[in-house]
1. With a ≥ b ≥ c the root eigenvalues of the C-alpha gyration tensor of region 1-41, is it rounded (a/c under 1.5), prolate (a/b larger than b/c) or oblate?
2. For THR3, enumerate residues with amide H under 5 Å from its amide H, sequence gap 5+ or separate chain, H modeled in the peptide plane.
3. Which trypsin sites (Lys or Arg not before Pro) in region 22-82 sit in a loop by DSSP (not H, G, I, E or B) and have at most 11 other Cβ atoms within 10 Å of their own Cβ?
4. Between SER60 and ALA46, what length comes free when the chain is fully extended (0.36 nm per residue of separation minus the Cα-Cα distance, one decimal in nm)?
5. Below 8 Å, C-alpha to C-alpha, sequence gap of six or more: please give me the relative contact order for region 17-88 in percent.
6. Contour minus end-to-end for ILE17 and ALA38, with contour as 0.36 nm per residue of separation and end-to-end as the Cα-Cα distance?
7. Work out from phi, with θ = phi - 60° and the Karplus expression 6.51 cos²θ - 1.76 cosθ + 1.60, the ³J(HN,Hα) of each residue of region 9-17, listed in order in whole Hz, and give x for Gly and Pro.
8. Nearest 10 degrees is fine. How inclined is helix 56-70 to the longest principal axis of the chain, computing both from alpha carbons?
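Just so it is clear, none of the values below were taken in a lab; they were calculated from the coordinates. Source: prediction; values computed, not measured. A quick note on method: Cβ atoms are made from the backbone with ideal geometry, for glycine too, and the neighbour counts reach across all protein chains shown.
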Amino acid sequence: MGTIGIRDLSRNASQVIDQVSSTGNPMIVTKHGRPVAAVVAVDADALEDFVLATAPEYASDRRAADRDLAADRAQPAAEVIDRIRRKG
């Protein structure tokens with residue numbers, strides 16, 4: 001995994017994209033020496049999974065669900081569906 005400054009990325013974007021795409025190795029983008037973004041190769045067949053896994057609202061919901069599971073606040077879907085059917 002390499003790093004590249006944002007200014008260098010703006011000058012060499014095509015080459016950086018080609019490198020990341022061909023090697024599969026991500027490139028960390030820095031601004032004033034601090035990491036701010038990453039350029040990563042994306043498999044076209046896995047694009048939807050990638051977008052969902054990295055979308056902030058999805059990631060937040062996933063962390064909340066993990067906390068609920070850890071605290072034993074989750075219920076099996078079959079039980080919830082069964083309760084809904086009995087009420088309806």
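1. Values: a/c = 2.73, a/b = 1.43, b/c = 1.91.
It comes out oblate by the Cα gyration axes.
2. ILE28
3. Working: sites: LYS31, ARG62, ARG63, ARG67, ARG73; in loops: ARG73.
Answer by residue number: ARG73.
4. Numbers: separation 14, 0.36 × 14 = 5.04 nm, distance 2.06 nm.
3.0 nm is the gain from fully extending SER60 to ALA46.
5. On the way: 38 pairs, mean separation 11.7, N = 72.
For region 17-88, the relative contact order is 16 percent.
6. Values: separation 21, 0.36 × 21 = 7.56 nm, distance 1.11 nm.
Taking ILE17 through ALA38 to full extension adds about 6.4 nm, to one decimal.
7. Per-residue couplings from phi come out as 4, 5, 7, 10, 4, 4, 5, 5, 4 Hz.
8. With rounding to tens, the tilt is 50 degrees.
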